[in-house]
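Read the structure below first, then the notes.
The values are calculated or read from the model by the stated rules, or taken from the named source; none is laboratory data. Note that the structure is a prediction, hence the values are computed from the model and not measured. Reconstructed Cβ throughout: ideal geometry from the backbone, glycine too, with neighbour counts over all protein chains shown.
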Amino acid sequence: MSEPICFPAQVARVQTLADGGIRVTFDLPEQTVMQAAGLMECKRLGIVLDVSCDAREPSGGNPTKSYI
């Protein structure tokens, strides 16, 4: 993939797995079907992603400070 997959999302769940790994689940709005399809293709092909998240106000305002 050459183009980034960008979408707004909220963290729905963070889980600790039995093997010590971490699983993060995001909720995406319904208009992000194409982005979800891109993520499904990554899953199908076993592609590893570099993920970067920018926090913003829930109203869609400007990015806020980084929490990491």
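Things worth noting here:
- Note on the stretch 19-53: among residues that are of a type in the set (Asp, Glu) and loosely packed, with under 10 Cβ neighbours inside 10 Å, the one that is farthest from Pro4 (Cα to Cα) is Asp19.
Here's the yes/no breakdown for (1) touching a Cys at 6+ places or on another chain (Cβ under 7 Å); (2) at pLDDT below 95; (3) among the hydrophobic types (A, V, I, L, M, F, W, C):
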| position | (1), (2), (3) |
| --- | --- |
| Glu3 | no, yes, no |
| Arg13 | no, no, no |
| Leu17 | no, no, yes |
| Val24 | no, no, yes |
| Cys53 | no, yes, yes |
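- Only residues that are assigned to a loop (DSSP other than H, G, I, E, B), modelled with pLDDT of 65 or more and surrounded by 10 or more Cβ atoms within 10 Å (Cβ to Cβ) were counted in the stretch 55-68, giving 1.
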